[in-house]
Every structure is written in structure tokens, then in C-alpha cells.
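These notes are about the structure you will find just below.
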Amino acid sequence: MTSEPVRLGIVGLGRAFALTAPALRADRRIDLVAACAPRKESRAAFEAGFGGRGYADLDTLLAHPSLEAVYIATPHALHAEQAIAAAAAGKHVLVEKPLAVSMADGEAMVAACERAGVALIVGPSHSFDAPVAQARSLIGRGTLGPVRMIHAFAYTDFLYRPRRPEELRTEEGGGVLFSQAVHQVDVVRLLAGGLANQVTALSGNWDPDRPAEGAYSALLAFAGGAFASLTYSGYGRFDSDEWMGWTGELGHEKDPDDYGRARRALAAAPTPEAEAGLKRARTFGAAEVSPAAPHHEHFGPVIACCERGDIRLTPDGIWVYGDERRFEPAPQTADPRTPVLDALVAAVRDGIEPVQTGRWGLASLEVCHAILQSARSGAPVPLTRQVAAEPGGNPK
């Protein structure tokens, strides 16, 4: 028996929505009935592309008569107010990572959604990627024994892509910690069971023209003795996609000869206004929506070392190194972001929440704050808001 489509509204028609639009367009389980955005051009593009109604503000969107859920794809600092308003209106919430910028805002979002009895899912996040789920399933079967160590690293040009001013201010959620570290933290926590208990870290803030943290290395300790190292550089001239078969983060094949494009584009936009123009050019309605990617999404090389074997994640599946070496292809999906929509539909239609609930997102946000705190203090930081990697994100 087929359920009727989930009637979804979009809050924000910027870059985040543009990246998820192909999955939404291809999924018959989702009906995009409405969207709100401040720019007329974006609303017109949405109405033309999806047939839903465009609104200029959130209140009128939430009053749409058939709306069941919202996908909040706005800048980080707006998540809390918008999610709390959606919960008060009885709407389920899918919110882009990170959950929020401050822990207080994240806690308020979780409380509001729990009080209203609506789902709160944090995504898209790379913890939804099919090869991550595949590795987690193998770990859960126990044939390789428990996880002992995980290594995750990525080198990108993140800091040199077009940014709004607040995206270069750490206190407003700018830099790589809140936009990028949360991906690595989500993936590693999922594979290690979720219950991290301590963080030790260093970070880099090396470009006065881009004054936010652009790099970090962190060591996470987990309950049961496992540990994970996370390294990320958004200053990267080296591109770690070279080690992923030249498959980009979003699953598309990359041209190695396109090296340095982000820095060249930024150099041609020397003023904040010009950079803002580059940013707008990447939003929904201003740029063409990419076709479905031929590979799964990824967030750089990840190796999970278990007691009796190792697992290496790739954009197409996992390499397993036990008594023998073998490759296990990941299941095909209609779009790399289909698993996020699977989670949304299951939560709205069947009341089945994924791991990546609001409480899970709050735990990952805590790790991001701990990385910053440890880097500034030089001391380990204990964690107190962690939850286990089980559906619903409930603590054991």
C-alpha cells in the first residue's frame, strides 16, 4: 500500500536547498507544496520548478493548509527560531546541519519539538551516506569485532568559496567547525557507537582576510575505549578527493586540471559585494540544478579499524580488510541524498525516527564546541550531552 506523499515546505532557497533539490524532485514520496524566501526570483523559480506556492515569510508558509513538515535550509543562526516556530505550528522539522550555533539554541529546538510531538531530524549530513550506513551495518554484525580506532580526514578549499560576512565569523557559526566538522563528527560518532566522552584538539586560523577557524585536528575518546582522529583543512591546496578517485564530496566526478578554481574566482571578486554576488549565483534559481550524481556522497577518506579487520569507505562502497581483502559495493539509490528523504518519510508517515534526531545533532554540536574550547585552552574537554547511535538518538 502506497502512502500519500509527505507535504513539505522549504524554508530558504539558497545553496543548501539547491544541493538537495535533485533528490526532492525525483522522489514521488515528497510533495513540495510551498517555500518561503526573501528574494522574489527564488520564489518564482521554486513555483516554476515544483509547482508549489512561494511565500515571503515563515508565518504565511506555516499557515499553508496542507503543510505537514518543513525543511529548514537557511543560515545556521536562523535555525532555532524557525524550528521552534514550526514545532509550535505542529510541523515536523528537517533542519540542515548544524542543528544550531549555540548549545542553548539547540536545546531549545529539541525541547520545542519534543513538547509538540513532532520529529526533528538533522540533515542532510554525511552520516546518511550509503557507504557510511554500509560500514555501520558491517560493524553491527560483529564479524570484525568492536571498533578500536577511526581515522577521518579531508582537505578542501572550503574557506575560499563565496561566503557571506557571518560565514567568516566563528561566533556566528562561521569557519569550518560548524559547517564542516559536524559532518566528520557525525560519521565518526555513528561508526563508533555515538558515546564520545572527551575531546582534545588544536585548530588553525591562519588567513587574516578569512578570519575564522579554517583547520583543526581532534582526538575523540569513546566509551568502551575506542578513539578517533579527525583532521580537516579548508585552506587545502591539496585536494583529498585525489584519494577518493577524483569523486567530489557531492558524488560528481572532478577534473584534476580544474585545480585552484575557488581561489581564482575569489581573486576576481575583491569586494564583499562582489563576493556576495558569487554567493547568490550558487543559489536555487540562479544556478542550474545538477543532475543526479553517479557516485555516493562522501566526506574524505575514513578508515575504521576493528579488532579483526579494517574498513575503508569510498564513494561507491567499502573495502574490507580481514583475513582477505574484498570490496562490497554500496546499494544504489535514486540520488545520493535519498536516504535523508527515506528518514523524513519514515518519521512523518510511520513515526520511525532515524539516528540523526535533534538529540543526536545536539551531541555532535557539543563536540564541535569542545574542539574550539580545547584548541583555545590546550586541555581536554569532557562531553556530557552524548547519545548512543540507535534509532531515535536516545541515550542508553
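The values are calculated or read from the model by the stated rules, or taken from the named source; none is laboratory data. Only a predicted model underlies this, so the values are computations on that prediction, with no experimental measurement involved. A quick note on method: Cβ atoms are made from the backbone with ideal geometry, for glycine too, and the neighbour counts reach across all protein chains shown. For accessibility, only protein heavy atoms count, side chains too; no ligands or nucleic acids. Shrake-Rupley method; radii C 1.70, N 1.55, O 1.52, S 1.80 Å.
Those residues that are without any contact (Cβ under 8 Å) to a residue 40 or more places away in the chain and assigned to a helix (DSSP H, G or I), I need them from the stretch 262-276; list them, please. Break it down into steps so the answer makes sense when it comes.
Pass one, the stretch 262-276, residues without any contact (Cβ under 8 Å) to a residue 40 or more places away in the chain: 264, 267-268, 270-271, 273-274.
If the condition is that a residue be without any contact (Cβ under 8 Å) to a residue 40 or more places away in the chain and assigned to a helix (DSSP H, G or I), then Arg264, Ala267, Glu273, Ala274 are the ones that fit.
Would you confirm, using the coordinates I've provided, whether Ala228 is over 26 Å from Leu168 (Cβ atoms), open to solvent by less than 30 Å² (accessible area, probe 1.4 Å) and not hydroxyl-bearing (Ser, Thr, Tyr)?
yes
Kindly provide the set of residues from the stretch 22-35 that are touching a Ser or Thr at 6+ places or on another chain (Cβ under 9 Å) and open to solvent by less than 10 Å² (accessible area, probe 1.4 Å), ordered by number.
Within the stretch 22-35, Ala23, Ala34, Ala35 meet the criteria.
All but one of (1) hydrophobic (A, V, I, L, M, F, W, C); (2) more than 24 Å from Ala104 (Cα to Cα); (3) open to solvent by less than 20 Å² (accessible area, probe 1.4 Å); (4) in contact with a Phe, Trp or Tyr (Cβ under 8 Å, 6 or more places away or on another chain) hold for Val187; state the number of the condition that does not hold.
So the condition that Val187 fails would be (2).
Report, by residue number, each residue of the stretch 26-49 that is assigned to a strand (DSSP E or B) and charged (D, E, K, R). Step through it out loud before you land on a result.
Going through the stretch 26-49, the residues assigned to a strand (DSSP E or B) turn out to be 30-36.
Result: Asp31, single match.
So Gly145 ticks every box in (1) at negative phi; (2) touching a strand residue (DSSP E or B) at 6+ places or on another chain (Cβ under 9 Å) but one. Which box is left unticked?
Against the list (1) at negative phi; (2) touching a strand residue (DSSP E or B) at 6+ places or on another chain (Cβ under 9 Å), Gly145 comes up short only on (1).
All but one of (1) touching a helix residue (DSSP H, G or I) at 6+ places or on another chain (Cβ under 6 Å); (2) outside any helix (DSSP H, G or I); (3) open to solvent by 30 Å² or more (accessible area, probe 1.4 Å) hold for Ile150, so report the exception by its number.
So the condition that Ile150 fails would be (3).
Is it fair to say Ser179 is among the hydroxyl-bearing types (Ser, Thr, Tyr), part of a helix (DSSP H, G or I) and open to solvent by less than 30 Å² (accessible area, probe 1.4 Å)? First the steps, then the outcome.
On the way: among the hydroxyl-bearing types (Ser, Thr, Tyr): yes; part of a helix (DSSP H, G or I): yes; open to solvent by less than 30 Å² (accessible area, probe 1.4 Å): yes.
Judged against the criteria, Ser179 is a match.
Just one of Val355, Val367, Val381, Val340 is within 23 Å of the chain's Cα centre (by Cα), farther than 20 Å from Ile139 by Cβ, modelled with pLDDT of 95 or more and open to solvent by less than 30 Å² (accessible area, probe 1.4 Å); which is it?
Val340
Could you check how many residues of the stretch 1-12 are open to solvent by less than 20 Å² (accessible area, probe 1.4 Å) and either touching a Pro at 6+ places or on another chain (Cβ under 9 Å) or farther than 14 Å from Ala45 by Cβ (or both)?
So the answer is 5.
When the residues of the stretch 164-215 are narrowed to those that are basic (Lys, Arg) and farther than 20 Å from Ala16 by Cβ, which ends up nearest to the chain's Cα centre (by Cα)?
Top of the filtered list is Arg189.
Restricting attention to the stretch 238-251, report how many residues are open to solvent by 60 Å² or more (accessible area, probe 1.4 Å), in a loop (DSSP other than H, G, I, E, B) and in contact (Cβ under 8 Å) with a residue 40 or more places away in the chain.
Qualifying residue count for the region: 2.
For the stretch 225-259, what are the residues that are at pLDDT 95 or above and small (Gly, Ala, Ser)?
Selection gives Gly225, Ala226, Ala228, Ser229, Ser233, Gly234, Ser240, Gly245, Gly248, Gly251.
Counting only residues that are in contact (Cβ under 8 Å) with a residue 12 or more places away in the chain and open to solvent by 60 Å² or more (accessible area, probe 1.4 Å), which one in the stretch 304-322 is nearest to Leu94 (Cα to Cα)?
Only one residue fits best here, namely Asp316.
Going by the conditions given, is Gln373 among the polar types (S, T, N, Q), more than 30 Å from Arg29 (Cβ to Cβ), at pLDDT 95 or above and part of a helix (DSSP H, G or I)? Before the answer, list the steps.
Working: among the polar types (S, T, N, Q): yes; more than 30 Å from Arg29 (Cβ to Cβ): yes; at pLDDT 95 or above: yes; part of a helix (DSSP H, G or I): yes.
In short, yes.
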